[in-house]
Amino acid sequence: LFDVFNKENSFNFEGQATMSHLNLQNQSLNGFASEFSVENTKGNFRYGVSHRFANETYDINDLGLNFRNNYNNFSGRLSYQIFEPTNTFNNYRIEVFGNHQRRYKPNVTVGSGIGASSFFVTKERFAFGGFMEVNTKYRDFFEPRRENRFITYNSNATINAWVSSDYRKKFAYDVRFRYQDFFNTNRNRLNLNIEPRFRFNEKFLLIYGIEFGRRDNRASFVALQPKEVIFAKRDQKSVENSLQANYNFDTKQALNLSFRHFWSTAEFAEEFFKLNRDGSLQPTTYTSDFNPDANFGVWNLDLSYRWRFAPGSEAILLYRNSIFNQDKLSRLDFQESLDNLFMRPARHNISLRVVYFIDYIQIKNLFSS
């Protein structure tokens, strides 16, 4: 791998090449992946291009986590930004970008997209921005769960907007909105995130967050048959509540609270489709005792006390409370699902972790004296 600037710091060249080798029972598999980018890094106007590649046998999951392989993707961007404040803005950045995604084997187009994004910060430390993006039809080779089969999703457009107020004030907030619409269908996606924060004093900070998400009429995998792949339209909704609180007694001791409750349901329509070879869907008859609906809930609460008793050294006492539930009751509302979650057994953990930093120079000098 490499990350190199020229002498003027006006261009950056970055990349890496990786090989994988698997010793399997009946064969050995070699894989290859690479990344390469060239970027102009000086001036108000900047641009860059990049390429990411992995063949179909690239696999590093024995050493980490690799979600996807078998891709051959290209991207580029052009931006304008300022470095000196103006009468209105402390800084801002405007960018246009594009990408083209391909599958390595077979060599087919997956999808392409173009868009623009922006980021502004005013003199009063009020920040806002967002992005707009338009994508062509997309071949999804992962949703069918069968090798070399794909479903084609319609072209779509996405709009995202966000605002963030001045964190120096006692009360501040972050708001983010995203909407995606798929052309010539009734499929769409909506996300709204609101995160107010209150700083009581220099020691105590409280942040609450709520996020609502909804995906309607997404064609989704249901089951595999000997010769067919069965799909159905799915509605998915989710609500996440989170709370973070930090209280610093002094520069060495702090109390931290982290809470998160996430709830999500997936409800499938009773009209089924079979996946055609060209990625389209065709109505079909499907009967099974399997219910693909899902209702998922998780509750996590962490309370920790941290003491930095020496440079580079600390002790952390942690209490963790967690509850988990997953069932098929997708038609339950938020309160009913929460009641079901609390009927599940809770897990309680208490742990103590002590880290002590040993300075080799001090130890050496101690023995020398």
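The values are calculated or read from the model by the stated rules, or taken from the named source; none is laboratory data. Bear in mind the structure is a predicted one, so any value in this text is a computation, not a measurement. Counting neighbours? That spans all protein chains shown, and the Cβs are built from the backbone with ideal geometry, glycine included. In case anyone asks, the SASA skips ligands and DNA or RNA and just uses the protein heavy atoms, side chains included. Shrake-Rupley method; radii C 1.70, N 1.55, O 1.52, S 1.80 Å.
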- Filtered residues of the range 280-313 (kept if open to solvent by less than 40 Å² (accessible area, probe 1.4 Å) and out of contact with any strand residue (DSSP E or B) (no Cβ under 7 Å at 6 or more places or on another chain)): A310
- Task: Report yes if some residue within the range 7-17 is among the basic types (K, R), out of contact with any Pro (no Cβ under 7 Å at 6 or more places or on another chain) and without any contact (Cβ under 8 Å) to a residue 40 or more places away in the chain; otherwise report no.
- Result: yes
- Query: Is there a residue in the range 323-335 that is surrounded by 15 or more Cβ atoms within 10 Å (Cβ to Cβ), in a helix (DSSP H, G or I) and either basic (K, R) or at pLDDT below 95 (or both)?
  - Reply: no
- Note on the structure: Contact list, first residue from the range 55-69 and at pLDDT below 90, second anywhere and open to solvent by less than 70 Å² (accessible area, probe 1.4 Å) and assigned to a loop (DSSP other than H, G, I, E, B), beta-carbon distance below 7 Å, six or more apart or interchain, is N66/D59; N66/I60
- Message: Six or more apart or on different chains, Cβ atoms under 6 Å: show the pairs whose first residue is in the range 222-238 and in contact (Cβ under 8 Å) with a residue 40 or more places away in the chain and whose second is in a loop (DSSP other than H, G, I, E, B) and open to solvent by 60 Å² or more (accessible area, probe 1.4 Å).
- Response: V229/R146
- For the range 113-136, does any single residue satisfy the condition of being closer than 20 Å to Q101 by Cα, open to solvent by less than 50 Å² (accessible area, probe 1.4 Å), in contact (Cβ under 8 Å) with a residue 40 or more places away in the chain and among the aliphatic types (A, V, I, L, M)? no
- Checked the range 21-43 for anything at pLDDT 95 or above and closer than 25 Å to V110 by Cβ; matches are N30, G31, F32, A33, S34, E35, F36, S37, V38, E39
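Here's a check for you: in the range 240-265, which residue that is under 20 Å from S313 (Cβ atoms) and either in contact with a helix residue (DSSP H, G or I) (Cβ under 6 Å, 6 or more places away or on another chain) or among the aliphatic types (A, V, I, L, M) (or both) is surrounded by the most Cβ atoms within 10 Å (Cβ to Cβ)?
A254
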- Query: Hey, among the residues in the range 44-94 that are closer than 30 Å to P106 by Cα and among the basic types (K, R), which one's farthest from the chain's Cα centre (by Cα)?
  - Reply: R77
